[in-house]
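The values are calculated or read from the model by the stated rules, or taken from the named source; none is laboratory data. Treat the numbers as computed from the prediction; the structure is a model and nothing was measured. Glycine also receives a Cβ, built like all others from the backbone with ideal geometry; neighbour counts cover every protein chain displayed.
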(Lines give C-alpha, C1' and ligand atoms only; values in the text may rest on other atoms or scores of the structure.)
Protein backbone atom coordinates (compact mmCIF):
# COMPACT_ATOMS: atom_id res chain seq x y z
CA UNK A 1 0.00 0.00 0.00
CA UNK A 2 1.34 3.44 -0.94
CA UNK A 3 2.21 5.61 2.06
CA UNK A 4 0.59 9.00 1.52
CA UNK A 5 1.74 10.89 4.63
CA UNK A 6 5.30 12.18 5.06
CA UNK A 7 6.81 14.34 7.80
CA UNK A 8 5.24 17.54 6.44
CA UNK A 9 1.73 16.06 6.49
CA UNK A 10 2.23 14.46 9.91
CA UNK A 11 3.53 17.72 11.39
CA UNK A 12 0.47 19.46 9.95
CA UNK A 13 -1.86 16.86 11.49
CA UNK A 14 -0.21 17.30 14.91
CA UNK A 15 -0.20 21.10 14.81
CA UNK A 16 -3.70 21.13 13.32
CA UNK A 17 -4.97 18.89 16.10
CA UNK A 18 -3.44 21.14 18.77
CA UNK A 19 -3.95 24.68 17.47
CA UNK A 20 -7.72 24.52 17.35
CA UNK A 21 -10.07 26.65 19.42
CA UNK A 22 -7.96 26.26 22.56
CA UNK A 23 -5.80 29.38 22.41
CA UNK A 24 -8.88 31.50 21.69
CA UNK A 25 -10.63 30.29 24.86
CA UNK A 26 -7.88 29.88 27.47
CA UNK A 27 -6.35 33.35 27.15
CA UNK A 28 -8.96 35.26 29.17
CA UNK A 29 -9.11 32.60 31.89
CA UNK A 30 -5.32 32.55 32.17
CA UNK A 31 -5.03 36.36 32.46
CA UNK A 32 -7.77 36.43 35.11
CA UNK A 33 -5.81 33.90 37.21
CA UNK A 34 -2.16 34.92 36.76
CA UNK A 35 -2.15 38.31 35.04
CA UNK A 36 0.97 39.16 33.03
CA UNK A 37 2.36 35.69 33.77
CA UNK A 38 -0.25 34.16 31.43
CA UNK A 39 2.09 33.75 28.40
CA UNK A 40 4.60 31.84 30.52
CA UNK A 41 1.95 29.71 32.26
CA UNK A 42 0.38 28.81 28.92
CA UNK A 43 3.75 27.89 27.43
CA UNK A 44 4.45 25.82 30.55
CA UNK A 45 1.43 23.75 29.54
CA UNK A 46 3.66 22.49 26.75
CA UNK A 47 5.76 20.77 29.42
CA UNK A 48 2.66 18.88 30.58
CA UNK A 49 2.06 17.93 26.95
CA UNK A 50 5.70 16.77 26.66
CA UNK A 51 5.19 14.51 29.70
CA UNK A 52 2.27 12.92 27.88
CA UNK A 53 4.05 12.78 24.51
CA UNK A 54 7.06 10.87 25.83
CA UNK A 55 5.06 7.74 26.60
CA UNK A 56 2.95 8.08 23.45
CA UNK A 57 6.08 8.19 21.30
CA UNK A 58 7.72 5.24 23.05
CA UNK A 59 4.56 3.11 22.91
CA UNK A 60 3.87 4.24 19.33
CA UNK A 61 7.29 3.10 18.14
CA UNK A 62 7.01 -0.19 20.02
CA UNK A 63 3.50 -1.21 18.97
CA UNK A 64 3.10 0.69 15.64
CA UNK A 65 -0.66 0.40 16.05
CA UNK A 66 -3.13 2.95 14.64
CA UNK A 67 -5.39 2.25 17.64
CA UNK A 68 -2.92 4.40 19.64
CA UNK A 69 -4.23 5.14 23.16
CA UNK A 70 -6.73 2.30 23.17
CA UNK A 71 -4.49 -0.31 21.57
CA UNK A 72 -1.45 0.57 23.68
CA UNK A 73 -3.36 0.04 26.91
CA UNK A 74 -5.11 -3.08 25.66
CA UNK A 75 -1.89 -4.71 24.48
CA UNK A 76 -0.06 -3.75 27.67
CA UNK A 77 -2.83 -5.34 29.78
CA UNK A 78 -4.00 -8.09 27.38
CA UNK A 79 -6.01 -10.09 29.92
CA UNK A 80 -8.36 -7.27 30.94
CA UNK A 81 -11.46 -6.69 28.81
CA UNK A 82 -12.56 -4.06 31.29
CA UNK A 83 -9.41 -1.95 30.89
CA UNK A 84 -9.61 -2.05 27.10
CA UNK A 85 -13.29 -1.17 26.97
CA UNK A 86 -13.08 1.64 29.52
CA UNK A 87 -10.12 3.47 27.99
CA UNK A 88 -11.62 3.02 24.53
CA UNK A 89 -14.91 4.62 25.47
CA UNK A 90 -13.36 7.45 27.45
CA UNK A 91 -10.85 8.34 24.75
CA UNK A 92 -13.33 8.31 21.89
CA UNK A 93 -15.86 10.42 23.74
CA UNK A 94 -13.09 12.84 24.63
CA UNK A 95 -12.33 13.24 20.93
CA UNK A 96 -16.01 13.64 20.08
CA UNK A 97 -16.41 16.37 22.70
CA UNK A 98 -13.43 18.32 21.33
CA UNK A 99 -14.73 17.84 17.79
CA UNK A 100 -18.04 19.40 18.86
CA UNK A 101 -16.22 22.26 20.57
CA UNK A 102 -14.06 23.00 17.51
CA UNK A 103 -17.15 23.10 15.29
CA UNK A 104 -19.02 25.36 17.69
CA UNK A 105 -16.02 27.71 17.95
CA UNK A 106 -15.80 27.75 14.15
CA UNK A 107 -19.43 28.82 13.81
CA UNK A 108 -19.12 31.43 16.58
CA UNK A 109 -16.22 33.16 14.84
CA UNK A 110 -17.58 32.69 11.33
CA UNK A 111 -20.82 34.46 12.30
CA UNK A 112 -19.25 37.11 14.53
CA UNK A 113 -20.01 40.60 13.25
CA UNK A 114 -22.97 39.34 11.20
CA UNK A 115 -26.71 39.63 11.88
CA UNK A 116 -26.71 35.95 12.90
CA UNK A 117 -24.00 36.27 15.57
CA UNK A 118 -26.47 35.83 18.43
CA UNK A 119 -28.76 33.36 16.62
CA UNK A 120 -28.16 30.05 18.42
CA UNK A 121 -30.02 27.96 15.85
CA UNK A 122 -28.00 29.30 12.90
CA UNK A 123 -24.79 28.91 14.90
CA UNK A 124 -25.54 25.25 15.63
CA UNK A 125 -26.60 24.53 12.06
CA UNK A 126 -23.33 25.97 10.75
CA UNK A 127 -21.36 23.93 13.31
CA UNK A 128 -23.08 20.73 12.18
CA UNK A 129 -22.49 21.71 8.56
CA UNK A 130 -18.72 22.15 8.98
CA UNK A 131 -18.48 18.73 10.64
CA UNK A 132 -20.37 17.23 7.69
CA UNK A 133 -18.02 18.96 5.22
CA UNK A 134 -14.84 17.59 6.77
CA UNK A 135 -16.40 14.18 7.29
CA UNK A 136 -17.01 14.07 3.52
CA UNK A 137 -13.40 15.14 2.84
CA UNK A 138 -12.13 12.34 5.08
CA UNK A 139 -14.46 9.84 3.38
CA UNK A 140 -13.20 10.96 -0.02
CA UNK A 141 -9.41 10.51 0.17
CA UNK A 142 -6.56 10.24 2.69
CA UNK A 143 -4.20 12.06 0.34
CA UNK A 144 -6.68 14.90 -0.20
CA UNK A 145 -7.21 15.17 3.55
CA UNK A 146 -3.45 15.46 4.09
CA UNK A 147 -3.01 18.13 1.41
CA UNK A 148 -5.96 20.18 2.68
CA UNK A 149 -4.57 19.90 6.22
CA UNK A 150 -1.19 21.16 4.98
CA UNK A 151 -2.78 24.25 3.41
CA UNK A 152 -5.01 25.10 6.39
CA UNK A 153 -2.34 24.55 9.06
CA UNK A 154 0.41 26.55 7.43
CA UNK A 155 -2.01 29.31 6.36
CA UNK A 156 -3.35 29.70 9.88
CA UNK A 157 0.18 29.80 11.31
CA UNK A 158 1.07 32.66 8.96
CA UNK A 159 -2.10 34.53 9.91
CA UNK A 160 -1.54 34.00 13.65
CA UNK A 161 2.01 35.31 13.21
CA UNK A 162 0.71 38.40 11.40
CA UNK A 163 -1.84 38.98 14.18
CA UNK A 164 0.85 38.66 16.85
CA UNK A 165 3.25 41.05 15.05
CA UNK A 166 0.44 43.56 14.54
CA UNK A 167 -0.54 43.42 18.21
CA UNK A 168 3.11 43.94 19.23
CA UNK A 169 3.41 46.88 16.81
CA UNK A 170 0.29 48.54 18.27
CA UNK A 171 1.19 47.55 21.84
CA UNK A 172 0.04 49.89 24.59
CA UNK A 173 2.57 48.47 27.06
CA UNK A 174 6.32 48.67 26.48
CA UNK A 175 8.74 45.95 27.59
CA UNK A 176 10.01 47.72 30.74
CA UNK A 177 6.43 48.23 31.92
CA UNK A 178 5.58 44.61 31.12
CA UNK A 179 8.63 43.44 33.06
CA UNK A 180 7.47 45.46 36.08
CA UNK A 181 3.94 44.02 35.76
CA UNK A 182 5.31 40.51 35.50
CA UNK A 183 7.54 41.05 38.55
CA UNK A 184 4.58 42.35 40.59
CA UNK A 185 2.34 39.46 39.49
CA UNK A 186 5.08 36.96 40.28
CA UNK A 187 5.19 38.21 43.86
CA UNK A 188 1.40 38.31 44.21
CA UNK A 189 0.48 35.07 42.37
CA UNK A 190 0.63 31.74 44.20
CA UNK A 191 2.63 29.04 42.44
CA UNK A 192 -0.51 26.87 42.65
CA UNK A 193 -2.37 29.27 40.34
CA UNK A 194 0.40 29.12 37.73
CA UNK A 195 0.39 25.32 37.83
CA UNK A 196 -3.41 25.22 37.56
CA UNK A 197 -3.30 27.42 34.44
CA UNK A 198 -0.66 25.11 32.95
CA UNK A 199 -2.93 22.12 33.64
CA UNK A 200 -6.03 23.78 32.19
CA UNK A 201 -3.94 24.71 29.15
CA UNK A 202 -3.38 21.02 28.39
CA UNK A 203 -6.65 20.94 26.44
CA UNK A 204 -5.06 23.42 24.00
CA UNK A 205 -2.18 20.97 23.40
CA UNK A 206 -4.36 17.88 23.01
CA UNK A 207 -4.11 16.47 19.49
CA UNK A 208 -0.46 15.50 19.00
CA UNK A 209 -1.35 11.82 19.45
CA UNK A 210 -3.41 11.93 16.24
CA UNK A 211 -0.11 11.38 14.39
CA UNK A 212 0.08 7.81 15.71
CA UNK A 213 -3.39 7.05 14.34
CA UNK A 214 -1.89 7.49 10.85
CA UNK A 215 0.85 4.86 11.35
CA UNK A 216 -0.51 2.63 8.56
CA UNK A 217 -0.44 5.53 6.09
CA UNK A 218 2.85 7.24 7.00
CA UNK A 219 6.37 6.98 5.64
CA UNK A 220 9.14 5.77 7.99
CA UNK A 221 7.28 5.66 11.37
CA UNK A 222 10.52 5.14 13.34
CA UNK A 223 11.74 8.55 12.29
CA UNK A 224 8.56 10.49 11.64
CA UNK A 225 6.55 9.71 14.79
CA UNK A 226 9.01 11.31 17.25
CA UNK A 227 10.03 14.07 14.83
CA UNK A 228 6.43 15.12 14.12
CA UNK A 229 5.18 14.96 17.72
CA UNK A 230 8.10 16.66 19.49
CA UNK A 231 8.49 19.30 16.78
CA UNK A 232 4.76 20.07 16.91
CA UNK A 233 4.73 20.51 20.71
CA UNK A 234 7.71 22.89 20.62
CA UNK A 235 6.23 24.92 17.77
CA UNK A 236 2.78 25.10 19.36
CA UNK A 237 4.19 26.16 22.75
CA UNK A 238 6.10 28.93 20.95
CA UNK A 239 3.01 29.97 18.99
CA UNK A 240 0.88 30.13 22.14
CA UNK A 241 3.53 32.15 23.98
CA UNK A 242 3.82 34.69 21.15
CA UNK A 243 0.03 35.08 20.82
CA UNK A 244 -0.50 35.43 24.57
CA UNK A 245 2.47 37.78 24.97
CA UNK A 246 1.35 40.07 22.15
CA UNK A 247 -2.24 40.07 23.44
CA UNK A 248 -1.15 41.05 26.97
CA UNK A 249 0.97 43.90 25.55
CA UNK A 250 -1.79 45.26 23.29
CA UNK A 251 -5.13 44.48 24.93
CA UNK A 252 -6.10 45.73 28.41
CA UNK A 253 -6.31 42.90 30.95
CA UNK A 254 -9.90 43.76 31.85
CA UNK A 255 -10.92 43.35 28.19
CA UNK A 256 -9.18 39.98 27.93
CA UNK A 257 -10.96 38.79 31.06
CA UNK A 258 -14.38 40.17 30.13
CA UNK A 259 -14.49 39.03 26.48
CA UNK A 260 -12.84 35.63 27.07
CA UNK A 261 -12.97 33.58 23.84
CA UNK A 262 -13.60 36.61 21.62
CA UNK A 263 -10.92 38.71 23.34
CA UNK A 264 -8.45 38.53 20.44
CA UNK A 265 -11.05 39.54 17.86
CA UNK A 266 -12.41 42.35 20.02
CA UNK A 267 -8.94 43.61 20.91
CA UNK A 268 -7.73 43.48 17.30
CA UNK A 269 -10.81 45.45 16.20
CA UNK A 270 -10.23 48.13 18.82
CA UNK A 271 -6.58 48.47 17.77
CA UNK A 272 -6.62 47.91 14.00
CA UNK A 273 -10.28 48.28 13.07
CA UNK A 274 -12.25 45.79 10.98
CA UNK A 275 -9.11 44.52 9.24
CA UNK A 276 -7.68 43.34 12.56
CA UNK A 277 -10.93 41.72 13.60
CA UNK A 278 -11.28 39.96 10.25
CA UNK A 279 -7.71 38.64 10.46
CA UNK A 280 -8.44 37.10 13.87
CA UNK A 281 -11.71 35.63 12.60
CA UNK A 282 -9.92 34.11 9.60
CA UNK A 283 -7.22 32.70 11.90
CA UNK A 284 -9.85 31.19 14.18
CA UNK A 285 -11.75 29.68 11.25
CA UNK A 286 -8.60 28.08 9.84
CA UNK A 287 -7.51 26.89 13.29
CA UNK A 288 -10.79 25.19 14.08
CA UNK A 289 -11.15 23.80 10.54
CA UNK A 290 -7.78 22.06 10.61
CA UNK A 291 -8.49 20.77 14.13
CA UNK A 292 -11.82 19.31 12.96
CA UNK A 293 -10.13 17.71 9.94
CA UNK A 294 -7.26 16.21 11.93
CA UNK A 295 -9.48 15.00 14.77
CA UNK A 296 -11.90 13.23 12.43
CA UNK A 297 -9.00 11.58 10.61
CA UNK A 298 -7.10 10.26 13.62
CA UNK A 299 -9.87 9.42 16.06
CA UNK A 300 -12.05 7.65 13.48
CA UNK A 301 -9.26 5.12 12.95
CA UNK A 302 -8.98 4.56 16.64
CA UNK A 303 -12.76 4.17 16.90
CA UNK A 304 -12.74 1.58 14.10
CA UNK A 305 -10.04 -0.38 15.88
CA UNK A 306 -12.06 -0.44 19.12
CA UNK A 307 -15.08 -1.71 17.18
CA UNK A 308 -12.96 -4.40 15.48
CA UNK A 309 -12.13 -5.72 18.94
CA UNK A 310 -15.80 -5.87 19.94
CA UNK A 311 -16.05 -2.95 22.37
CA UNK A 312 -18.25 -0.86 20.05
CA UNK A 313 -20.87 -1.89 17.46
CA UNK A 314 -19.20 -4.01 14.78
CA UNK A 315 -20.49 -1.91 11.88
CA UNK A 316 -18.26 0.97 13.04
CA UNK A 317 -15.20 -1.12 12.06
CA UNK A 318 -16.12 -1.40 8.36
CA UNK A 319 -13.54 0.19 6.01
CA UNK A 320 -13.45 1.01 2.32
CA UNK A 321 -10.02 1.62 0.76
CA UNK A 322 -8.64 1.59 4.31
CA UNK A 323 -10.94 4.50 5.25
CA UNK A 324 -13.18 3.75 8.30
CA UNK A 325 -16.28 5.26 6.75
CA UNK A 326 -18.81 4.28 9.44
CA UNK A 327 -16.52 5.47 12.22
CA UNK A 328 -16.24 8.85 10.49
CA UNK A 329 -20.01 9.03 10.04
CA UNK A 330 -20.65 7.96 13.65
CA UNK A 331 -18.25 10.54 15.10
CA UNK A 332 -19.84 13.27 13.00
CA UNK A 333 -23.35 12.29 14.06
CA UNK A 334 -22.58 12.06 17.80
CA UNK A 335 -20.66 15.36 17.74
CA UNK A 336 -23.61 16.96 15.93
CA UNK A 337 -25.94 15.61 18.61
CA UNK A 338 -23.79 17.20 21.31
CA UNK A 339 -23.97 20.51 19.47
CA UNK A 340 -27.75 20.22 19.15
CA UNK A 341 -28.35 19.62 22.87
CA UNK A 342 -25.88 22.32 23.98
CA UNK A 343 -23.69 22.23 27.09
CA UNK A 344 -20.47 22.29 25.12
CA UNK A 345 -18.57 24.14 27.83
CA UNK A 346 -19.30 21.30 30.23
CA UNK A 347 -18.25 18.75 27.65
CA UNK A 348 -15.02 20.69 27.03
CA UNK A 349 -14.09 20.41 30.70
CA UNK A 350 -14.85 16.70 30.52
CA UNK A 351 -12.53 16.46 27.52
CA UNK A 352 -9.64 18.23 29.23
CA UNK A 353 -9.90 16.03 32.33
CA UNK A 354 -10.27 12.92 30.17
CA UNK A 355 -7.13 13.57 28.12
CA UNK A 356 -5.06 14.31 31.22
CA UNK A 357 -6.31 11.10 32.84
CA UNK A 358 -5.80 9.02 29.71
CA UNK A 359 -2.28 10.43 29.26
CA UNK A 360 -1.52 9.46 32.85
CA UNK A 361 -2.67 5.91 32.11
CA UNK A 362 -0.43 5.86 29.02
CA UNK A 363 2.56 6.80 31.18
CA UNK A 364 1.69 4.02 33.64
CA UNK A 365 1.46 1.54 30.76
CA UNK A 366 4.83 2.70 29.46
CA UNK A 367 6.32 2.26 32.94
CA UNK A 368 5.09 -1.34 32.96
CA UNK A 369 6.95 -2.23 29.74
CA UNK A 370 9.71 0.40 29.95
CA UNK A 371 12.40 -2.16 29.13
CA UNK A 372 10.65 -3.20 25.92
CA UNK A 373 10.06 0.43 24.88
CA UNK A 374 13.61 1.39 25.94
CA UNK A 375 12.28 4.21 28.09
CA UNK A 376 14.21 6.14 30.71
CA UNK A 377 13.02 5.22 34.22
CA UNK A 378 13.62 8.77 35.45
CA UNK A 379 11.72 10.45 32.60
CA UNK A 380 8.87 7.93 32.83
CA UNK A 381 8.45 8.51 36.59
CA UNK A 382 8.71 12.27 36.03
CA UNK A 383 5.96 12.03 33.39
CA UNK A 384 3.69 10.06 35.72
CA UNK A 385 4.23 12.59 38.52
CA UNK A 386 3.62 15.59 36.25
CA UNK A 387 0.44 14.19 34.71
CA UNK A 388 -0.90 13.04 38.08
CA UNK A 389 -0.34 16.51 39.49
CA UNK A 390 -2.03 18.08 36.46
CA UNK A 391 -5.08 15.82 36.84
CA UNK A 392 -5.41 16.62 40.54
CA UNK A 393 -4.99 20.36 39.94
CA UNK A 394 -7.69 20.58 37.26
CA UNK A 395 -10.13 18.59 39.44
CA UNK A 396 -9.33 20.94 42.32
CA UNK A 397 -9.93 23.94 40.08
CA UNK A 398 -13.29 22.55 38.95
CA UNK A 399 -14.31 21.82 42.54
CA UNK A 400 -13.45 25.34 43.68
CA UNK A 401 -14.75 27.27 40.68
CA UNK A 402 -17.75 25.26 39.48
CA UNK A 403 -18.81 22.25 41.60
CA UNK A 404 -22.03 21.85 39.56
CA UNK A 405 -19.94 21.35 36.45
CA UNK A 406 -17.81 18.78 38.24
CA UNK A 407 -21.00 16.94 39.20
CA UNK A 408 -22.11 16.88 35.57
CA UNK A 409 -18.73 15.48 34.56
CA UNK A 410 -19.08 12.77 37.22
CA UNK A 411 -22.53 11.85 35.86
CA UNK A 412 -21.16 11.73 32.30
CA UNK A 413 -18.38 9.43 33.45
CA UNK A 414 -21.03 7.24 35.07
CA UNK A 415 -22.95 6.89 31.79
CA UNK A 416 -19.79 6.09 29.82
CA UNK A 417 -18.66 3.64 32.47
CA UNK A 418 -21.97 1.81 32.23
CA UNK A 419 -21.63 1.51 28.42
CA UNK A 420 -17.99 0.41 28.65
CA UNK A 421 -18.82 -2.12 31.36
CA UNK A 422 -21.64 -3.56 29.25
CA UNK A 423 -19.41 -4.19 26.25
CA UNK A 424 -16.58 -5.56 28.43
CA UNK A 425 -19.03 -7.94 30.14
CA UNK A 426 -20.43 -9.09 26.79
CA UNK A 427 -16.90 -9.58 25.41
CA UNK A 428 -15.79 -11.65 28.41
CA UNK A 429 -18.82 -13.94 27.98
CA UNK A 430 -18.38 -14.44 24.24
Problem set entry | Single unsatisfied condition, residue 213 versus (1) touching a helix residue (DSSP H, G or I) at 6+ places or on another chain (Cβ under 6 Å); (2) surrounded by fewer than 24 Cβ atoms within 10 Å (Cβ to Cβ); (3) under 30 Å from residue 67 (Cβ atoms) | (2)
Seminar exercise, completed: Restricting region 306-317 to residues that are in contact (Cβ under 8 Å) with a residue 12 or more places away in the chain and in contact with a helix residue (DSSP H, G or I) (Cβ under 6 Å, 6 or more places away or on another chain), the one farthest from residue 72 (Cα to Cα) turns out to be 316
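Might you let me know whether region 241-257 holds any residue that is in contact (Cβ under 8 Å) with a residue 60 or more places away in the chain, farther than 18 Å from residue 168 by Cα, in a helix (DSSP H, G or I) and more than 19 Å from the chain's Cα centre (by Cα)?
yes
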Exercise. Would region 364-387 turn up any residue that is surrounded by 13 or more Cβ atoms within 10 Å (Cβ to Cβ) and at pLDDT below 85?
Worked result: no
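Residue 367: out of contact with any strand residue (DSSP E or B) (no Cβ under 6 Å at 6 or more places or on another chain), in contact (Cβ under 8 Å) with a residue 12 or more places away in the chain, assigned to a helix (DSSP H, G or I) and more than 17 Å from residue 73 (Cα to Cα), yes or no?
On the way: out of contact with any strand residue (DSSP E or B) (no Cβ under 6 Å at 6 or more places or on another chain): yes; in contact (Cβ under 8 Å) with a residue 12 or more places away in the chain: yes; assigned to a helix (DSSP H, G or I): yes; more than 17 Å from residue 73 (Cα to Cα): no.
Here the answer is no, as residue 367 does not meet what is asked.
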Exercise. Looking at (1) more than 19 Å from the chain's Cα centre (by Cα); (2) over 19 Å from residue 71 (Cα atoms), which is the only condition residue 336 fails?
Worked result: (1)
Problem set entry | Candidates 99, 139, 133, 111 - the one that is surrounded by 16 or more Cβ atoms within 10 Å (Cβ to Cβ) and under 21 Å from the mean Cα position of the chain (by Cα) | 99
Problem set entry | Members of region 200-218 found to be out of contact with any strand residue (DSSP E or B) (no Cβ under 6 Å at 6 or more places or on another chain) and modelled with pLDDT of 85 or more, listed by number | 205, 208, 211, 212
For this session: Would you please list the contacts, defined by Cβ atoms under 8 Å and residues six or more apart or on different chains, that run from a residue in region 373-384 that is free of Cβ contacts under 8 Å to residues at least 60 places away in the same chain to a residue that is exposed (fewer than 12 other Cβ atoms within 10 Å of the Cβ)?
Result: none
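One residue is enough: does region 265-287 have a residue meeting the conditions under 19 Å from the mean Cα position of the chain (by Cα), closer than 30 Å to residue 420 by Cβ and modelled with pLDDT of 80 or more? Steps first, please.
Of region 265-287, the ones under 19 Å from the mean Cα position of the chain (by Cα) are 283-287.
Keeping just the survivors that are closer than 30 Å to residue 420 by Cβ gives none.
Checking region 265-287: not a single residue is under 19 Å from the mean Cα position of the chain (by Cα), closer than 30 Å to residue 420 by Cβ and modelled with pLDDT of 80 or more.
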